[in-house]
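Here's a structure for you.
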Amino acid sequence: MKIDKYEIEMLGVNDAEALIIHFHESEPNPGKEHIVLIDAGNKSDGKKIIDFINEHYHTNVIDLAICTHSDSDHFGGFITFLEEMKKADQTKEKLKIKKFLLNAPYNWDSKIGKQLYSTEDGRTNLVDLLMELKIEVQNGFADDSNWENPFPGVLTIISPSEKYYRSLQDSICRQKGIKPLVTERRKLFTQNNIDDYSNDASAANKSSLAVLFTPIPHKNYVFAAEMEEDAFENMSYELKTKCKNVSFLKIPHHGSNHNINSKILNHYNPKTVFISATDKTLNKNNGLKNYFKNKNSIEVYTTHGTNNVCLRQGYEKKKNYSKASPIWQ
């Protein structure tokens, strides 16, 4: 597959995440448009995402939807999204999802999977909606040769491997029971260096599904979901090599100091960085802020909570969009 233009849309969903990769094929199907949706924010964000796609894109098909992990600020919007698909006027051309990537302990359609991806009141779950709408669902693992990638060479799962995910699945279950797996004792002094912080203890975050988008040679975009150091170290050498000196990095976990450190950032060595977070959350992240202030060549962008941010190549600027200004410079 060859791509002649593409854009990455980072939707303003406060301290949640929803990203759209939209690209235009030149070969072997000239003119064909594709959409990949990575996460859908909280339940209240689902309708906003549907409206955005209907307004801005010339297709009603989402080729691939990816739910990176089982935190509600990543999967909640998918529930609203699928509920809206169910009740859409059948006389109109409604949105369709061709394939959905979803990981869960034991398997995505297990009882555990349904519990993990349930609404807070337990009345609705993502798995039952996917099955009811007969959407094709697959696991997404970095070392799974069986998953039918619709965009080979363009989209690559970089984490987790199935072995790494399975090593975390019991911890994910315990953590999602009621109490977190680990209660972390925070340091009482102010931490201003990114390497002063302990790693994220969340098994769900460690196991989150991260992808690499390579639309054209020498352009590589990493969507790191909620990966932290342990997940990064469990990536294969080959995948780590593909993720060096990247064009773009979506910072894990809304810029949390507990999911990233200087070693990982120096490996990615990104030209452009994006953080999905409110200003209030960003202002807490002294370590990350100071790292990038010392790296003047890296441009850092954020939604500031509610703004949409678009990175585009070949596509025209969308109506009512203005030039974004980088932060921490």
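Does ALA231 satisfy the condition of being part of a helix (DSSP H, G or I) and within 21 Å of SER167 (Cα to Cα)? Walk me through how you get there before you give the answer.
Details: part of a helix (DSSP H, G or I): yes; within 21 Å of SER167 (Cα to Cα): yes.
It is true that ALA231 is part of a helix (DSSP H, G or I) and within 21 Å of SER167 (Cα to Cα).
Now for a different question. When you scan the stretch 31-61, how many residues do you find that are of a type in the set (Gly, Ala, Ser), open to solvent by 10 Å² or more (accessible area, probe 1.4 Å) and outside any helix (DSSP H, G or I)? Outline the logic, then answer.
Residues of the stretch 31-61 that are of a type in the set (Gly, Ala, Ser), as a first pass: 31, 40-41, 44, 46.
Adding the requirement that they be open to solvent by 10 Å² or more (accessible area, probe 1.4 Å) leaves 31, 44.
From the residues that got through so far, the ones that are outside any helix (DSSP H, G or I) too are 31.
So the answer is 1.
Working only within the stretch 73-111, note down all residues that are under 12 Å from ASN125 (Cβ atoms) and buried (at least 17 other Cβ atoms within 10 Å of the Cβ). Steps first, please.
Narrowing the stretch 73-111 to residues under 12 Å from ASN125 (Cβ atoms): 75-76, 78-79, 82-83, 102, 104, 108-111.
Selection gives PHE75, GLY76, PHE78, ILE79, LEU82, LEU102, ALA104, TRP108.
Additional query: Could you please let me know if SER207 is of a type in the set (Ser, Thr, Tyr) and modelled with pLDDT under 95?
Details: of a type in the set (Ser, Thr, Tyr): yes; modelled with pLDDT under 95: yes.
Here the answer is yes, as SER207 does meet what is asked.
So if I check each of LYS318, LYS293, LYS240, which one is open to solvent by less than 70 Å² (accessible area, probe 1.4 Å) and modelled with pLDDT under 90?
Working: LYS293 fails: open to solvent by less than 70 Å² (accessible area, probe 1.4 Å); LYS240 fails: modelled with pLDDT under 90.
The match here is LYS318.
Test of understanding: among ASN146, ASN193, which residue is within 28 Å of VAL61 (Cβ to Cβ), open to solvent by 70 Å² or more (accessible area, probe 1.4 Å), at pLDDT below 95 and out of contact with any Asp or Glu (no Cβ under 6 Å at 6 or more places or on another chain)?
Numbers: ASN193 fails: within 28 Å of VAL61 (Cβ to Cβ).
Exactly one residue qualifies, and that residue is ASN146.
Which condition from (1) in a loop (DSSP other than H, G, I, E, B); (2) open to solvent by 50 Å² or more (accessible area, probe 1.4 Å) is the one that MET131 breaks?
(1)
To continue, here is another question. Of ILE264, ILE260, which residue is open to solvent by less than 20 Å² (accessible area, probe 1.4 Å), assigned to a helix (DSSP H, G or I), touching a helix residue (DSSP H, G or I) at 6+ places or on another chain (Cβ under 7 Å) and among the aliphatic types (A, V, I, L, M)? Step through it out loud before you land on a result.
Details: ILE260 fails: assigned to a helix (DSSP H, G or I).
Of ILE264, ILE260, the one residue that is open to solvent by less than 20 Å² (accessible area, probe 1.4 Å), assigned to a helix (DSSP H, G or I), touching a helix residue (DSSP H, G or I) at 6+ places or on another chain (Cβ under 7 Å) and among the aliphatic types (A, V, I, L, M) is ILE264.
Here is a yes/no grid of residues against (1) touching a residue at least 60 places away in the same chain (Cβ under 8 Å); (2) in a strand (DSSP E or B); (3) of a type in the set (Lys, Arg); (4) more than 21 Å from PHE223 (Cα to Cα):
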| site | (1), (2), (3), (4) |
| --- | --- |
| HIS69 | yes, no, no, no |
| THR80 | no, no, no, yes |
| LYS94 | no, no, yes, yes |
| ASN107 | no, no, no, yes |
| ILE112 | yes, no, no, yes |
| GLN115 | yes, no, no, yes |
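Would you mind telling me which numbered condition in (1) touching a residue at least 60 places away in the same chain (Cβ under 8 Å); (2) under 19 Å from GLU9 (Cβ atoms); (3) part of a loop (DSSP other than H, G, I, E, B) ASN103 fails?
Unmet for ASN103, out of (1) touching a residue at least 60 places away in the same chain (Cβ under 8 Å); (2) under 19 Å from GLU9 (Cβ atoms); (3) part of a loop (DSSP other than H, G, I, E, B): (2).
The values are calculated or read from the model by the stated rules, or taken from the named source; none is laboratory data. Note that the coordinates shown come from a computational prediction; the quantities given were computed from them, not determined experimentally. Neighbour counts are summed over all protein chains in view; Cβ atoms, including those assigned to glycine, are modelled from backbone coordinates with ideal geometry. Areas reflect the complete protein model, heavy atoms only, side chains present, ligands, DNA and RNA absent. Shrake-Rupley method; radii C 1.70, N 1.55, O 1.52, S 1.80 Å.
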